[in-house]
Structures are given as structure tokens and as C-alpha cells.
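K.L.:
The following block contains the structure, expressed as C-alpha cells.
The values are calculated or read from the model by the stated rules, or taken from the named source; none is laboratory data. This is a predicted model, so every value here is computed, not measured. Note that we place each Cβ from the backbone using ideal geometry, even for glycine, and neighbour counts take in every protein chain shown.
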Amino acid sequence: MNKYYWLIPILPLLGSAFNGLLGKRAGKSVVTVVGLGVVFGSLLLAISAFFAMKALPDHRLILNYGEWMGTGSLSVPFGLAIDPLSGTMMLVITGIGFLIHVYSVGYMHEDEGYARFFCYLNLFVFFMLMLVLGSSLVLMFVGWEGVGLCSYLLIGYFFETDFAPAAGLKAFLMNRVGDLGVAIGMMVLFAAFGTLTVSDILTQAGHLAPEVGFGVLTFATLMLFVGATGKSAQLPLYLWLPDAMAGPTPVSALIHAATMVTSGIYLICRLAPVFTLTPITMDVVAWVGAVTALFAATIGLVQRDIKKVLAYSTVSQLGFMFLGLGASGFAAGFFHVFTHAWFKALLFLGAGSVIHAMHHEQDLFKMGGLKAKMPATFWTMLVATLAIIGFPGTSGFASKDEILYLAYLKHPALWVIGVIAACCTAFYMLRLFTLTFLGKPRDHHAFDHAHESPVSMTLPLAVLAVGTVAAVWLGWPKAFGGDFRIEAWLAPATTYGQLHAAHGEHGSHQLAWGLAAVSTLFGLGSAVFGYFSYKDGLAVSEARAAKFPFLHTLLLNKYFVDEGVELYLLRPIRWFGNVLWKLFDVIIIDGVGVNLPGALVRVFGDFTALFQTGRVRNYALSMALGAAVLLYVFLK
Amino acid sequence: MTWLNSHLLTFLVFAPALLGFLILALPQRLARLARMLGFMGALAFFALSLAWLLGRGGGAGINLAERTPWFTLVGLPVDYSLAVDGLNLWLVILTTFLVPLTMLGTWNSLKDRIGTFAALFLMLETGMLGALMAQDLFFFYLFWEAMLIPMYFMIGVWGGDERRYAANKFFLYTLSGSLLWLVALLYLANKAGGFNPAVMGQAASTLPFGVQCWLFLAFAVAFAIKVPLFPLHTWLPDAHVQAPTAGSVILAGVLLKLGGYGFIRFAIPMFPDAAMHYAKPLALLSVIAIVYGALVAMVQRDIKKLVAYSSVSHMGFVMLGLASFTVIGTQGALLQMLNHGISTGALFLLVGMLYDRAHTRMIADFGGVAVKMPVFTTFFLIVTLSSIGLPLTNGFVGEFWILNGTFLSGFAWGRLYACLATSGVLLGAVYMLWMFKRVFWGPENKDEDSGTHHLHSDLNAREIAVMLPLVVLILWMGIHPRTFVAASEAPVTALLQDAKAPAIRTFMLKPAVPPVPAADAVQAPAAHEGHAEPAAHEVHR
Amino acid sequence: MTGMDAILQGGLQGYLVVALLLFAIGLATVLLRRTLLMQFMGVELMLNAANVALLAFARFRGGDAQATVFYLFIIAVAACEAAVGLALIIGLYRHRNTTDSDRAAGLKQ
């Protein structure tokens, strides 16, 4: 089978090319077959490759397909590297990706750009697989930028509107800011290791001592982390993700919840042996993650758009993942990526199902009582909600608890921030859930027309719900009698034969129990509070908002960060560009440097032109005088 | 045929001009025939260049050359000397490729004197090919100046409203640079007793260092104007905006390349010490050009002017790569020249197609073009992505090599400048995609006077036939760049070795306590510690 | 020997004085008159003044035949020149309705 594994990323690329070039002519059914078929084929191959990798003694399957862009001392092969880390991601991408493709068939059915949509979606799967499987950082960067492109195209999918193009542009540009970090990080790593092949870098990193203070690798990893904040929507580059909800809902589920936004975490896990060498970076990662988790969660408390709530929730959950990574819990962070992929994809698809049913109404305040109309969506959403608020026993509980535990070991303040963020999460998720499904309908017209979604949409919901529940098997924490098997599973990828211990001090099981009890208690308390605040409609919350007008306005307007960026960053840059153009280019260089000499020559020419009267007699006179002078000189 | 066999290059260089004169002799009423003849001829030259340059030489090791004594200029022998090697192979092919493509792409753009235009175009091809192939500096100079004349008329006769100003500016700007250079050329030729670059380089190395610097500067200014390097770039926006589409394409596609090519072919190998002495200012100007061009492009209202300023930014990358004096950087610069020719050429063609329909190029006049012209939008998007350096397109490979080469550069400033230059990649995305959003996306601009309102047809078969090869090349160069740089690897390496370029600078990392065997250690022979050490390479004086 | 004597005796100087006078009259005509026709006649006078001087020198240096030949040539060329010049003047007149040279200053810029 080995010789077919190159098809894992290439199949979706072919599907994309087909759908893009011929899809419109071929018709929707052909597009469906091709679009889903290539991802399913890719999934089957991925499963096969996964087990092939598992059978290898060192769990490392590296496939090379020749040189791509080498010159001088640089060598960048086309290569795929499948190991436990990338293998798991590969399965998540193709697996959840396939489900979302299925879901899209129902969701996008009436859309005119059906073929275009599947073209982009397949292309996204291709780039995401390149990101995950690329054997060198450059190849990963191909995927890294490529998913950014697909994200841009899919956010701007409804391009004839006003807001979607703006949101797409914003997403691409903020990602590009991060990509600069990745580019600089790669340059530094290349100068340090002499190669950009991941396995070579990791092997070398395994032999290095951790950096004391701010060294070369700290700089490189910090730069890579800048890239991660862009892709994974962390402070300060998180602004694009909420706007990205302008795209179709399956896109939000696949790209902006389950896969692409976690690639920042993936990048750090991929280079975990290097990051472990740089304690300063690890601190930065942990603190940025924690602050983002809290920051985004507070904004999520008051948003009215169902997808916006989920978007801020995603930002917040990504913050949790970074918090885990920063606390040296690569397995914990990645486990949260894994569980989050299931339950957040489920939440988004559930939300999509609701939006679909409500005829593209996204305002929570106009929903309510949908439980009766949409039982399948209701029950699956309940599973996901329980998971994300960390209800004991769910996969979300397992992964979040492990992160909070490690955060406490790193610094208690991180734990406190994390718990507050978790409480906010519980509150806004119950708010969302209650406003959507419980209580009385607030918009009767929409409610009357609401209906359960077709099977192609509810089936993926059901599968994702099963996955959400089952994911816990992979990482039930050791403190509660589990074996957190994902840690041992990922160890070959995250430690890479490193000589020194990569972990902080270990706490005790009692500590873990205590921390979990406190955080769970607070979390469930917030959830109950959220439920009772909204179960009878909006009155309670409106009264509360009136009591804290300043805070409410601040949160509702997302701390006015967008406005600040426009006013204090974008406008000055545009102003500066105009100054450079109109003052420097046109007046100084062109005016003084180029046209002024020209003008001087012209003035001199105009002066001498005074002697050119155009009258023959004047010329004759001057000729005669000249001849006379010459005669005098020669005959004297 | 035997004559042709040993004079392939002569034929390639002069056949276009001959055909041009032939076309010129045709009467006015046969203008359409003239245009067709010109196009078929250019296509044939492209096919011949492919067959001869790639077919005969057999890939990487190709070397075609002709050299005979020509005449004596005040006692200095001038050689008739043409050659194609790794450095100019792809630039030559790019030229022969772009000429027919541009002719086809602007088939109906011009209405009057189309026969004359085709003839001038072919003469321009001769000028460009001659300049690319000439291996004798006087010969090179002749072609270098000869190129100006057809381009001057193309802008001045067929240009926009400000064409006379733009044409004069273009001509005088370039000429003033090359006259200085001519003085330096004659001075050095007198010292060397001829115009052979190798001999002149030898002679230059015996001159005092100060004189070498002046000579290098004279060369550099002439080439930098052509590139154009900040702050000598202001002729470019005017020339590009006023020139007809075909002129813009060739200007961006080939003429600008000759500046960078002049550096790598003549200025750097002839005065390596002076070149390295001025590497820092050159690199600084390049970085400024990258950022400056991008910032100014960002606030443009005319799409064509935006693309013109983006050229300043992109060519800044080329100069940065050359100034890095590393194999990766120089190879990147060579590739970036090809990239820029393809991508920016394609952008100008696309803008021309839009202008032909809407008769405006102002961004504000558009909006929602994607609804009306989906195929056009797709092509524009792909070219835009290539221009902003998305991986798997050509732009990425060139910029990545240049940035890495600069970062590894043996000069102390390399790392900082590389980091600064990355911002050009971001700003490139800003101005291109912002423009893309305003022109193509958003609600359709229904205004009666708007450009969008006047768009009635998507691309026709001819226009698609023009764009397809460009898109294929964009992807090909992005996926398999080795095709285009394999030939130049050896000459570039040799050139840098001859120039005694400083060794690349890498980082030394501290191994963990149990020391590892040397074989596994950091594989960097000339490693240095940390960021800030006075490099051992700043010895060139 | 005074100038007047020379003229009366038929010496070289006499011829030269005549040539000078002719030349002066011609130059004055060219400079002072604005009518192109008159200016043209002035030019012809100057030309013939030169011819007189040429022949006079030839005569007093030993009767060189070359000068006479030259003179004949010049006459022929002058005739041609007169034809072309008159044609130009007529052309100008047709075009501008004037033969005033001061008003034909269009080439100034």
C-alpha cells in the first residue's frame, strides 16, 4: 500500500481541480460524488497509512517523492511524514472532514455555487493534509498558507455581499502577519540547524541543552508562536475568527473550529522538542493562551449571533490548548485539540442545522423552543454542550481538566484564569442552549416554519456525537483511574529522544482531585446560573445588563478592539502610504530630483531662445557681423 | 544551412528586427496582414529558441556562443560576441515567450498603425535579445540603448493622455544613467585595451580601490535605474501607466530584468570587491524599495499604477537577493526575475483586458466584477496569488530563497534585513488582495458610469489562450522550480567563488551535557556564535 | 596712388572697390528690406560682388582660366538657386499671402 499514500493529499486536490474546472458543467450530483468520493478515498488511505505507521517499530513512516525547491545548501524534498502526531491529525482531518462534506451536501443544496464550494472545500482538505503531513517545515508552510487561502476563499464565499469579502480579507491579512513570524522562524531554524526537514531538526534538537535566557531558539520559537497566534486566533491576532463566521456554516465547523485553527497548536506539538528547549517561549505560550481563553470567553457572554458565540468560544478553547502546551503538556493540549474537534464541529453543525431550519436567522434572541421541532439537533447539541462545559465524564472534562491541572503546576494564577474562563464557557454555552432550544419561541413566524434538517445533515451530527463521547477513551486522566494513553502514544513525536526531561514537577493525585472538584463545581454552578438566567426569556438578563451598562457595552462591542485597530493602526499606515506617495514620491523624488533639473534646462533654453527671433534679417545681420569680426581677426 | 548552424544566436537576435523592417515596408492597408505576420514570426522565434537553446544544448550544460572581431573603436577592439549560458538562458526564453504572447493578448487593444506597432515590437525584441546575449560590453551598450528607441515610440505614440511626458521621462531617465556608465566604460576600456568583460574585470582589479568603487557605481546606477531601485524608480509608474498594455508587459517582463541581469552579468563579476563594499547600501535600498513600493502601491487608485509600484517592491527582492552574495539568494534573485516577468506581465495583460472593456482602470469604478466575469476573476486571482508569493506558485520560491539567502548572508546586516524584508510579503498581500476585494468582490457596482457597468463579456478564447500558458508557468515554477534554476546553479556558484563572497553565517547551538559525536552535530562548517559577532568577512578593502 | 587713381587707371583696387560697393548694397538690401523678393535680389548682388572680386584677382594674377571656369559654374548654380528661391517665395506667397520675411517666423519655436 505504501506506494499509494501520496494519494492521501493528492486525491482531494484532484477533486478540487475537477470541481473547479468541470463541476459547473457536470452537475450537482457528479460534484457530490467527486467531492465526497475523494475525501472518503483519502480517509480510507489515511486509515491504512495510520495502521502501517503503527506497525513500524519507531512509529515513523516517511515517504519521499523527490526534490522540490532545493538550491545551494537548501534541500526541500516533497515528503510525507506520518507519525503518531500527524497520523492522528490526518485521521481527524479526513474523518471529520468527510462528515462535514456529507453535511454540506444538505446544507449547500440550494446554493448556486455548489461546485465552487466543493472545489474550495476539497482544496482545503488538500492543504490541511499538506500542513499536517509535510516532512519539512517548508512543505508544512505550503499547507499553512494554503489553508489560509482556502479560509479566505470560503469566508468570502458569498462574495456579492458587503461583509463577507471584508471578513475574508481580514482573515487572510491577519494570518499573513502570523505567517511572517513563521517565515522568520524558519529562516532562523535553517541558519541554526542547516536543514528544514522536521525529523532532522528534531533529531538535532534532541541533543541540545535548554536555552538559558533569550537565545537563538527562543527567538525562532517565539516567531513561530506569532504564526500560531495568527492561525489559531490568539491575542493579539484573534480578530479575524469572529468575522470569519461570514462563511457558510460547514466551513465554520471544518476550518474555523475543528481543523485549521488548531494548526497553531499542531505546529508547536510538531516542534515540541525545540519548544521544550526554550522556557521563555513556553511561558509566553502559556500566558497568552490563558489570557486569550478568558478574554474571548467574556466577549462570548453577551453576543447575540449564535455563530459569533461559538466563534468566541473557539478562540477561548484554543487559548486553553495553548495554556496546556505552555505548561509542557503537549499531549494534554493536543488531546484538547482532538476532543474539541469533535464537540466544536458538532456544535457548529448543530448551529448550522438550526440556522438552516430558521431560514438563515442567526439571532439567538429570535429563537427558542426549538427542542420540539428539532429533536435530533437538540440531543446531539446537548451532548456537545455537556462536553464543552466539562461535565464530569465527558471528553471535554478529561481534556480541560488535564490542562488546568498542568496549568496549576506551572503557576497557580494560570489555573485561576483558566477556571474563570471555564466558568464563562459554561455560562454562555447554557445561555446559547437555553435560548435556542428551551423556553418559548420568540419569533413565531420563523418557529412555525422551522423543521428538522435532512438526514445528510443529522447523520453527521449523530456520528460526531458518538465521537464526542468516545474521544474520552483516548485520554481519561490518570488521576481518575485512566491511563491518559494519548501521552504515551504521542511520546515518540513530542520528545524525540530528548536527553532531558520535558516536564514540570509532578503533583499528586489528591491535588488533581481537589483541583478538579473546585473547577467542576464552579463550572457547573455557572452552567446552572446560565440556565436559570435565560430559561424564562430575556427579562432577567436585560435587567442585569441595565445594571452594568458600561461592562455590557464593552463586552457587546468586543472591547472596541476592531475600532482601535482601525483608528490607531490601519489609518496611520494608509496615511503614511499616502504621504510616501504624494509627498516623497511625487514631490521630493520626482519634483526635486527629476523634474527640477529638467525645468532648469528648460529655463536656460528659454533664455537662449530669446535670441531666436525667427526673422531672416536678424540672422543675416548677425551673420554679417560675425563675418566682419572674423575678417578683422584674420586680416589684422 | 551551414551558416545558420554556426550562427543560431545571430539569427535569433537579428531575425526579429529584419522581419520588423519587412513589415514596416508593407503598405498601410495591409496592416492586419502585418500584424499577423509579426505574430507568426514571433511565435516561430519562440519555437526556435526553445528548440535551439533547450534542445541542442541538452539541458543544464548548455553553452552556445559566437565570437568574432568586429571593428576597432579608437584603437580598442570591439567583438561581435553573443552567448547563451546558465545565467541568461531562461531570460532569453522568457523574452521570446512574452513577445508573441503579448501580441496575442493585445490583439485588438490598438486601433491605429497596428502594423507599425508590430514592427517596433519585433525591433524591441532584437534589442532585448541582443542585450541579454551580448558578451562584449560595447556590443551590450549598443543593444542597451537600442532598446530604448522602440519603447520610446511605443509609449509616445500609442500611450495614454500623458504619453509625451512619460516617454520623455523614460528615455531621459534611462539615458542619463547610461551616459555616466558609458564614460566609465570607455575609461576602463582604455585601461584594459578592449571591451571584453573578463579582460576589463582583470584590468579593474589592478586599479586603486577607490577607482573601482567609482566604476562600480557608474555601472550600478545605470542598471539600478533600469531595475528600478529606490530612489531611481519614479520613471516607472509614469511609463507603465501611460504605455499601452503591450508596452507595459514587455517593460515589466523583460526590460526591468536587464537591470538585475546587468548586475549579475557585468557589475558584480567585474568589480567584486567594490560590489561587496556597496552590498550594504544596495541591500538597504532594496529593503526600502520593498517596503516603500508596497506602501505606495497600497494607496493607489489606479490598478495599473498599483501594479507598477508593486514592481518596485518585487524588484527590490531581486536586488536584495543579489546583494546577499549567497548561492541561495542569487538563485532566488534569478528566479524572482523570471517570476516577476511572468506574474507582473500577466497582471498587466489582465488589467489591459479589463481596460479594453471598461475604459477605466480606477479601482473605485469597479466592484462586483466577479459576478460579471467569473473566468477573468479566476485568472486574476491565480495571478494575484502568485504575485503575493503563495506557496506552490512561483512567487513563493523566489522570495523564500531570497529571504533565506539574505538571512544566511555573510554580511552582518543580512539577518536584520531579511527580517525587515519579510514585511514586504505581508504588504504585498495587503495591496493586492485589498484591490482584489474592491474590484472583484462585493455587490455589483450598478452605477451607469461605473466600469463594472460596461463589462459585457467574459474572456474570449483568444484571451484564455493567452492566460493559460502563464498560469501553467506560474504553477510549474512553483512546483518544480529546478527546471528554471538548474542551469544557473553552477555559474552562480562559480561567480560567487571568484568574487570571494563571504561564507554563510549560521548559528552555533549548545549541545546537551553528554556531548554528541561530531557527525550528528550542527552541520555548519563556518558557524559563529550567537547573533552579534563582528563577522570575519568584512575584510574586503 | 590714391584709390581714385587706381580706379581711373584700371588697376586691381578699382575692381575691388566696385565689388565692395556691390556687396555693401546687397547686404544693406538684405538687412533693410523686408520683402523677400528684394532680399533675394540683395543676395544675388552679394554673390555677384564675390564673382567680380574673383575675376579681378584672376585677371591680375596672370589670367588664370580656372577662375573663369569657376565663375561660369557659379553663374549656373546661381541660376538654379534663383529658380528654387523664387519658387519658394511664390510658394510662401500662395500659402501666406505675403512675402514679408518677418512674418514668416514660424520656425522660431
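K.L.:
Looking for whichever is in a loop (DSSP other than H, G, I, E, B), more than 10 Å from chain A (Cβ to nearest Cβ) and surrounded by 21 or more Cβ atoms within 10 Å (Cβ to Cβ) here; the options are B:F380, B:F411. Which one fits?
P.N.:
B:F411
K.L.:
Being more than 10 Å from chain B (Cβ to nearest Cβ) and not aliphatic (A, V, I, L, M) is the filter; apply it to region A:180-213 and report the residue that is surrounded by the fewest Cβ atoms within 10 Å (Cβ to Cβ).
P.N.:
A:G213
K.L.:
Please determine, by comparing only the residues of region B:491-507 that are of a type in the set (A, V, I, L, M), under 16 Å from B:M270 (Cα atoms) and surrounded by fewer than 20 Cβ atoms within 10 Å (Cβ to Cβ), which one is nearest to the other protein chains (Cβ to nearest Cβ).
P.N.:
In this case the residue turns out to be B:A494.
K.L.:
Would you confirm whether or not region B:284-299 contains a residue that is free of Cβ contacts under 8 Å to residues at least 60 places away in the same chain, part of a helix (DSSP H, G or I) and crowded, with 24+ Cβ neighbours inside 10 Å?
P.N.:
Scanning region B:284-299, I find at least one residue that is free of Cβ contacts under 8 Å to residues at least 60 places away in the same chain, part of a helix (DSSP H, G or I) and crowded, with 24+ Cβ neighbours inside 10 Å, so the answer is yes.
K.L.:
Let me ask something else about it. Part of a loop (DSSP other than H, G, I, E, B), of a type outside the set (A, V, I, L, M) and over 20 Å from A:T436 (Cα atoms), is that true of A:S316?
P.N.:
In short, no.
K.L.:
Just to be sure I understand the filter: pairs with C-beta atoms under 6 Å, separated by 6 or more residues or on different chains, first member in region C:33-53 and among the charged types (D, E, K, R), second member surrounded by fewer than 17 Cβ atoms within 10 Å (Cβ to Cβ) and part of a helix (DSSP H, G or I). Which pairs pass?
P.N.:
Note: pairs meeting the criteria are C:R34/C:D102.
K.L.:
For residues in region C:89-109 being within 14 Å of chain A (Cβ to nearest Cβ), aliphatic (A, V, I, L, M) and surrounded by 12 or more Cβ atoms within 10 Å (Cβ to Cβ), which is nearest to the chain's Cα centre (by Cα)?
P.N.:
Only one residue tops the list, namely C:I89.
K.L.:
A follow-up question, please. Quick check on region A:585-599. Is at least one of its residues assigned to a loop (DSSP other than H, G, I, E, B) and either within 21 Å of B:T234 (Cβ to Cβ) or within 31 Å of the chain's Cα centre (by Cα) (or both)?
P.N.:
No, region A:585-599 contains no residue that is assigned to a loop (DSSP other than H, G, I, E, B) and either within 21 Å of B:T234 (Cβ to Cβ) or within 31 Å of the chain's Cα centre (by Cα) (or both).
K.L.:
In addition: Provide a single number: the residues in region A:1-22 that are within 18 Å of A:H109 (Cβ to Cβ) and over 28 Å from the mean Cα position of the chain (by Cα).
P.N.:
0
K.L.:
Okay, next question. Go through region B:468-488 and give me each residue that's outside any helix (DSSP H, G or I) and buried (at least 24 other Cβ atoms within 10 Å of the Cβ).
P.N.:
Of everything in region B:468-488, just one residue is outside any helix (DSSP H, G or I) and buried (at least 24 other Cβ atoms within 10 Å of the Cβ), namely B:P481.
K.L.:
Among the residues of region A:521-529, is any in contact with a Gly (Cβ under 7 Å, 6 or more places away or on another chain) and over 30 Å from B:I288 (Cα atoms)?
P.N.:
Yes - at least one qualifying residue is present in region A:521-529.
K.L.:
Tell me, please, whether a residue that is within 26 Å of A:E452 (Cα to Cα) and touching a helix residue (DSSP H, G or I) at 6+ places or on another chain (Cβ under 9 Å) can be found in region A:64-77.
P.N.:
No, region A:64-77 contains no residue that is within 26 Å of A:E452 (Cα to Cα) and touching a helix residue (DSSP H, G or I) at 6+ places or on another chain (Cβ under 9 Å).
K.L.:
Looking at B:R462, B:R415 in this structure, which one is among the charged types (D, E, K, R) and more than 25 Å from B:K304 (Cβ to Cβ)?
P.N.:
B:R415
K.L.:
Would you check which residues across region B:76-117 are closer than 23 Å to B:S343 by Cα and among the small types (G, A, S) and list them?
P.N.:
B:G86, B:G105, B:S109, listed by residue number.
K.L.:
For region B:338-365, how many residues meet the condition of being more than 20 Å from B:P237 (Cβ to Cβ) and more than 13 Å from chain A (Cβ to nearest Cβ)?
P.N.:
Within region B:338-365, residues that are more than 20 Å from B:P237 (Cβ to Cβ) and more than 13 Å from chain A (Cβ to nearest Cβ) number 7.
K.L.:
Separate question: Are any of the residues in region A:419-442 under 23 Å from A:G475 (Cα atoms), among the charged types (D, E, K, R) and either modelled with pLDDT of 90 or more or part of a helix (DSSP H, G or I) (or both)?
P.N.:
no
K.L.:
So which residues in region A:11-40 are closer than 23 Å to B:V472 by Cα and in a loop (DSSP other than H, G, I, E, B)?
P.N.:
Listed by number, the list holds a single entry, A:L22.
K.L.:
Where in region A:61-176 are there helices (runs of 4 or more DSSP H), lying wholly inside it, with at least 1 residues that are in contact with a Phe, Trp or Tyr (Cβ under 6 Å, 6 or more places away or on another chain) and among the aromatic types (F, W, Y)?
P.N.:
Ranges flagged: A:84-107, A:137-155.
K.L.:
Mind telling me which of the residues B:F195, B:F170 ends up being within 14 Å of another protein chain (Cβ to nearest Cβ) and either surrounded by 16 or more Cβ atoms within 10 Å (Cβ to Cβ) or under 22 Å from B:P69 (Cα atoms) (or both)?
P.N.:
B:F170
K.L.:
Please go through region A:142-172 and give me each residue that is within 20 Å of A:S16 (Cα to Cα), facing chain B (nearest Cβ under 9 Å) and in contact with an Asp or Glu (Cβ under 8 Å, 6 or more places away or on another chain), ordered by number.
P.N.:
Within region A:142-172, A:W144, A:E145, A:G148 qualify.
K.L.:
Another question about this same structure. Could you pull out the residue among A:Y103, A:Y107, A:Y65, A:Y120 that is over 16 Å from A:L153 (Cβ atoms), within 14 Å of chain B (Cβ to nearest Cβ) and either out of contact with any Asp or Glu (no Cβ under 8 Å at 6 or more places or on another chain) or modelled with pLDDT of 90 or more (or both)?
P.N.:
A:Y65
K.L.:
How about region A:610-636: which of its residues are surrounded by 10 or more Cβ atoms within 10 Å (Cβ to Cβ), of a type outside the set (V, I, T) and more than 8 Å from every other protein chain (Cβ to nearest Cβ)?
P.N.:
Passing the criteria: A:N618, A:Y619, A:S622, A:M623, A:L625, A:G626, A:A627, A:A628, A:L630, A:L631.
K.L.:
Tell me, please, whether a residue that is aliphatic (A, V, I, L, M), more than 14 Å from every other protein chain (Cβ to nearest Cβ) and out of contact with any strand residue (DSSP E or B) (no Cβ under 8 Å at 6 or more places or on another chain) can be found in region B:221-231.
P.N.:
Scanning region B:221-231 turns up at least one residue that is aliphatic (A, V, I, L, M), more than 14 Å from every other protein chain (Cβ to nearest Cβ) and out of contact with any strand residue (DSSP E or B) (no Cβ under 8 Å at 6 or more places or on another chain).
K.L.:
When you scan region A:231-251, do you find a residue that is part of a helix (DSSP H, G or I) and within 11 Å of chain B (Cβ to nearest Cβ), even just one?
P.N.:
Within region A:231-251, not a single residue is part of a helix (DSSP H, G or I) and within 11 Å of chain B (Cβ to nearest Cβ).
K.L.:
So which residues in region A:533-576 are of a type in the set (F, W, Y) and surrounded by 11 or more Cβ atoms within 10 Å (Cβ to Cβ), if there are any at all?
P.N.:
A:Y534, A:F548, A:Y559, A:F560, A:W575, A:F576
K.L.:
Could you look through region B:383-406, keep only residues that are more than 9 Å from chain A (Cβ to nearest Cβ) and among the hydroxyl-bearing types (S, T, Y), and pick out the one that is surrounded by the fewest Cβ atoms within 10 Å (Cβ to Cβ)?
P.N.:
Step by step, filter region B:383-406, then rank; the result is B:T384.
K.L.:
Kindly indicate whether A:A493 is out of contact with any Ser or Thr (no Cβ under 8 Å at 6 or more places or on another chain) and on the phi < 0 side of the Ramachandran plot.
P.N.:
Taking the combined requirement at face value, the residue does not satisfy it.
K.L.:
If a residue has to be part of a helix (DSSP H, G or I), more than 14 Å from C:A24 (Cβ to Cβ) and more than 11 Å from the chain's Cα centre (by Cα) to count, how many in region C:43-65 make the cut?
P.N.:
Matching residues across region C:43-65 total 8.
K.L.:
When you check C:T68 against the structure, is it in contact with a strand residue (DSSP E or B) (Cβ under 8 Å, 6 or more places away or on another chain) and more than 10 Å from every other protein chain (Cβ to nearest Cβ), yes or no?
P.N.:
No, not satisfied.
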